[in-house]
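Reading through the structure tokens given below for one structure.
The values are calculated or read from the model by the stated rules, or taken from the named source; none is laboratory data. These numbers were taken from a predicted model, which means no experiment stands behind them. Cβ placement follows ideal geometry from the backbone for every residue including glycine, while neighbour counts extend to all protein chains displayed. Protein only, heavy atoms only, side chains kept; ligands, DNA and RNA dropped before computing areas. Shrake-Rupley method; radii C 1.70, N 1.55, O 1.52, S 1.80 Å.
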Amino acid sequence: IIIEQRFKTYSPPRSIPVHVCVSVLRFKDSRMDDVWLVDFYAPWCGYCKKLEPVWQEVGAELSRSGSPVRVGKMDATAYSGMASEFGVRGYPTIKLLKGELAYNYKGPRTKDDVIEFANRVAGPAVRSLPSRQMFEHVLKRHSVLFLYVGGESPLKEKYTEVASELIVYTYFFSASEDVLPESVTLHELPSVLVFKDGTYFTYDEYEDGSLSSWVNRERFQSYLPIDGFTLYELGETGTAIPEHAVNILSVSAKGVKKRLKGLIQRVAAEHRDQFNRDFQFGHMDGNDYINSLIMGEVSVPSIIILNTSNEQYFLPAEPVEDLQQLLQFFSSVLDGSAPAYGGDGFLQRIKRVAYDARSTVMSVFRSSPLLGCFLFGLPLGVISLMCYGICMAESEDDTELMKRDGFTDEEEDEGEEEEQQRLTAGAEDTGEEDEDAEKINQKSPSEKKVD
């Protein structure tokens, strides 16, 4: 489907009939009745062009699977008013529009991830599990899932509100108590549980605070691979704990990797009650991303703690050799005795601007030296010509001023020579008069009388 050649819906393969063309105004009026997955793009955006083939695959796959989600794209530069209405601030922006709600997609731009997001958000915020077999099936499919157990209650209303807000990140289910396996023990009903890491944890309002904060914190596995997208999500958890941090293990050598990874996994599992509220444990392969994040050089392998609330980071004072050293390091970060680096102060922001500018210049020259010379040499050449023109204009103005006063450079030099000659002649005349006066003074009185 093409909507005024700007908003288009990807049709299934040619063997399947295509839908009817509609206008943008009709889309705006009728979108409340359908679920739309929309890519807001700009024609000049390189990332948008890179997403184009993936978006075609997403549209074809959802059409083949019979999904109710309609896939489209809109030129946000041509329809800036509508893009602003949906809160589009960058390109590409992927949104799922369902009724009055608009959900942002912030994950990796791959076909499988986008389709999984669309199917999850397009359905009900809370899905019902009617049987134990269904519960075991979804438990195998999802690494993290939340489950409400019980009947109607104020807790269920809160649970539904949280699910409507955070469905973009994870799945929410509800079931009766007899659906759960015998290994799951509930102390009271209703209850909210999270299943992850091969076990389950129960929400306690008095210990865990608000349900939204607890779900935001527990929607990650205790130990997980971390990349740029995961860090972005961790920064948006909205936790009330200012010391909330991410522990990242950068690895290279296999032996060292296994040792440090094993230590951190032990902390995540065995000391969950002590550190779960403040830390999210994980690992990141390589140190390129971390180096750009902290504007420094981190050796590989190493352990680093990033505070996602104020961009501070912490490094152990000495290499970690055993579990006790690792626990002491984490405790020193929590009690404030460990030295903090980085931050989001004014000087750090200035440093960030300079670092980003330097990185951009270096990346341009590394990827295309000729393009770098052109991009940076041309402005410098223009500035040099402007400076030269300004200087020459000042020199010509001085010459014109002298001409208006009746002088040229040669005439001015001749006038200076004549003045010098007059001064020299005056000095000689003065000298002769002084000699005559001296002679007269040397004469005797009789000679003066004769004179």
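Observations, loosely collected:
- Sole exception among (1) closer than 30 Å to LEU189 by Cβ; (2) touching a helix residue (DSSP H, G or I) at 6+ places or on another chain (Cβ under 9 Å); (3) crowded, with 19+ Cβ neighbours inside 10 Å for MET134, by number: (3)
- Note on the stretch 99-125: residues that are more than 16 Å from ASP39 (Cβ to Cβ), open to solvent by 30 Å² or more (accessible area, probe 1.4 Å), touching a residue at least 40 places away in the same chain (Cβ under 8 Å) and outside any loop (DSSP other than H, G, I, E, B) total 2.
- Criterion applied to TYR169, TYR200 was being assigned to a loop (DSSP other than H, G, I, E, B), open to solvent by 30 Å² or more (accessible area, probe 1.4 Å) and among the aromatic types (Phe, Trp, Tyr), and the one residue passing it is TYR169.
- Residue pairs meeting the criteria (Cβ under 7 Å; at least 6 apart or on separate chains; first without any contact (Cβ under 8 Å) to a residue 40 or more places away in the chain and closer than 20 Å to GLY228 by Cα, in the stretch 267-287; second part of a strand (DSSP E or B) and polar (S, T, N, Q)): GLY286/SER250; ASN287/SER250
- If only residues of the stretch 271-289 that are over 20 Å from SER222 (Cα atoms) and assigned to a loop (DSSP other than H, G, I, E, B) are counted, the one that is farthest from the chain's Cα centre (by Cα) is GLY286.
- Applying the criterion of being among the hydroxyl-bearing types (Ser, Thr, Tyr) and touching a Pro at 6+ places or on another chain (Cβ under 8 Å) to the residues of the stretch 60-110, the residue that is nearest to GLY123 (Cα to Cα) is SER63.
- Tally of residues being surrounded by fewer than 19 Cβ atoms within 10 Å (Cβ to Cβ), in contact (Cβ under 8 Å) with a residue 40 or more places away in the chain and not in a loop (DSSP other than H, G, I, E, B) across the stretch 303-336: 3
- Lone unmet requirement of (1) more than 29 Å from ASN104 (Cβ to Cβ); (2) in a loop (DSSP other than H, G, I, E, B) for ASP178: (2)
- If the condition is being open to solvent by 90 Å² or more (accessible area, probe 1.4 Å), under 19 Å from SER292 (Cβ atoms) and not polar (S, T, N, Q), then the stretch 351-389 contributes LYS351, VAL353, ARG358, ARG366.
- Residues (outside any helix (DSSP H, G or I) and under 35 Å from the mean Cα position of the chain (by Cα)) located in the stretch 149-166: none
- If you filter the stretch 337-351 down to residues that are part of a loop (DSSP other than H, G, I, E, B) and under 27 Å from the mean Cα position of the chain (by Cα), you find that the one that is farthest from PHE275 (Cα to Cα) is GLY345.
- Selection count where residues are modelled with pLDDT of 90 or more and not acidic (Asp, Glu), scope the stretch 194-217: 13
- Residue within the stretch 38-48 that is open to solvent by less than 60 Å² (accessible area, probe 1.4 Å) and either of a type in the set (Gly, Ala, Ser) or modelled with pLDDT under 85 (or both) present: yes
- A count restricted to the stretch 87-114 and to residues that are of a type in the set (Gly, Ala, Ser), touching a Lys or Arg at 6+ places or on another chain (Cβ under 9 Å) and under 18 Å from THR170 (Cα atoms) stands at 1.
- Sole residue being in contact with a strand residue (DSSP E or B) (Cβ under 7 Å, 6 or more places away or on another chain) and loosely packed, with under 14 Cβ neighbours inside 10 Å, chosen from SER80, SER128, SER84, SER65: SER128
- Criterion: under 23 Å from GLU218 (Cβ atoms), modelled with pLDDT under 75 and in a strand (DSSP E or B) - qualifying residue of LEU234, LEU249: LEU249
- The lone criterion from (1) of a type in the set (A, V, I, L, M, F, W, C); (2) out of contact with any helix residue (DSSP H, G or I) (no Cβ under 6 Å at 6 or more places or on another chain); (3) modelled with pLDDT of 85 or more left unmet by VAL58 is number (2).
Each row is one residue, and each column tells you yes or no for (1) among the polar types (S, T, N, Q); (2) modelled with pLDDT under 85; (3) part of a loop (DSSP other than H, G, I, E, B); (4) touching a helix residue (DSSP H, G or I) at 6+ places or on another chain (Cβ under 8 Å).
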| residue | (1), (2), (3), (4) |
| --- | --- |
| ASN291 | yes, yes, no, no |
| SER299 | yes, yes, yes, no |
| VAL353 | no, yes, no, no |
| THR360 | yes, yes, no, no |
| VAL364 | no, yes, no, yes |
